[in-house]
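J.: Could you have a look at this structure, given as structure tokens, before my questions?
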Amino acid sequence: MSERPYIVGNWKMHGTRAMLAEARAIDRATERLMRAEVAIAPPFTLIHAVRKEAGLIAVGGQDCHPDESGAHTGDVSASMVKDAGGSFVILGHSERRQNHGEDSALIKRKMASAFETGLNVILCVGETAEQRDACKAREVVFQQLAESLAEVEAAPERLTIAYEPVWAIGTGRSASTDEIGDMHGALRSRLGEMLGMEGEDIRILYGGSVKAENVTEILAIENVDGALVGGASLSAESFLGIIIAAAAPDSEG
Ligand code: PGA
């Protein structure tokens, strides 16, 4: 597995061309921060422009439709993300599961399409506060993993898992180091059971209120290979604070 922490910014529905300056500043600075691997997932409308501005960081989409093309008003396919300059796609984010009713069967079809097209995938899994309170966090996350990954064929280096407890997203309240360590350890074992040795090579990111102040502690947890960052990725200043901490020599778990 790569020793470099993988730091991915998810801009969600933020960003017009005015934000290209942030992408440029992030890209320029990463030249001196090669110990971290950096990526941004801007809205679809900015993928091409960010790709043109930024030559070092990876650029990707936040979703894709399972079909290659067709009568699907408002949707964007994996091949369109690729054509715009994207190299990966985030799938199964809890905001898509909740706001667009996405289930694991659909996410699995999207994942198959992304892999076929040549995109890498960051698959998000995570439980709600109610599910955690009912001691069902692991069960929920394992089920999301099993249902979305079943029969999907891809080299392990092309798949990344992001554990994002729903209650930690955008709330300013990240999961505790114990909670993160427990879930990442469980995910690592589960991936091993599902995929054998290849499960070892799949990166597992943590997401949910990651910021410069807590990223060092989070990356030091065993089986944490990077971070998926929402709010704190929206300005070069705050995202670079995270990348600088991640690129420090002893930052990975
Ligand atoms: P947050 O979002 O960093 O704003 O909590 C993370 C995400 O949803 O990926």
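J.: Which residue, of Arg188, Arg158, Arg203, is of a type in the set (Lys, Arg) and farther than 17 Å from Ala39 by Cα?
T.: Just one listed residue meets the conditions, Arg188.
J.: Do you know which of the residues in region 217-238 that are in a loop (DSSP other than H, G, I, E, B) and touching a helix residue (DSSP H, G or I) at 6+ places or on another chain (Cβ under 9 Å) is farthest from the ligand (Cβ to nearest atom)?
T.: By that ranking, first place goes to Glu222.
J.: Considering (1) within 16 Å of the ligand (Cβ to nearest atom); (2) part of a loop (DSSP other than H, G, I, E, B); (3) of a type in the set (A, V, I, L, M, F, W, C), say which one Ala39 fails and leave the rest.
T.: (2)
J.: Can you pull out the residues in region 210-226 that are within 15 Å of Cys124 (Cα to Cα) and of a type outside the set (A, V, I, L, M)?
T.: Within region 210-226, Asp225, Gly226 qualify.
J.: Going by what's in this entry, would Glu252 be described as at pLDDT 95 or above and either away from the ligand (no atom under 15 Å from the Cβ) or more than 17 Å from the chain's Cα centre (by Cα) (or both)? Working first, answer last.
T.: On the way: at pLDDT 95 or above: no; either away from the ligand (no atom under 15 Å from the Cβ) or more than 17 Å from the chain's Cα centre (by Cα) (or both): yes.
No: the conditions fail for Glu252.
J.: If you take the residues of region 86-101 that are outside any helix (DSSP H, G or I), within 15 Å of the ligand (Cβ to nearest atom) and under 14 Å from the mean Cα position of the chain (by Cα), which of them is surrounded by the fewest Cβ atoms within 10 Å (Cβ to Cβ)?
T.: Phe88
J.: So which residues in region 64-85 are in contact (Cβ under 8 Å) with a residue 24 or more places away in the chain, touching a Cys at 6+ places or on another chain (Cβ under 9 Å) and not in a helix (DSSP H, G or I)?
T.: Those that are in contact (Cβ under 8 Å) with a residue 24 or more places away in the chain, touching a Cys at 6+ places or on another chain (Cβ under 9 Å) and not in a helix (DSSP H, G or I): Val76, Ser77.
J.: Based on this model, can you work out whether Ala212 counts as at pLDDT 95 or above and under 25 Å from Arg132 (Cα atoms)?
T.: no
The values are calculated or read from the model by the stated rules, or taken from the named source; none is laboratory data. If you're wondering where the values come from, they're calculated on a predicted model, not measured in any experiment. A quick note on method: Cβ atoms are made from the backbone with ideal geometry, for glycine too, and the neighbour counts reach across all protein chains shown.
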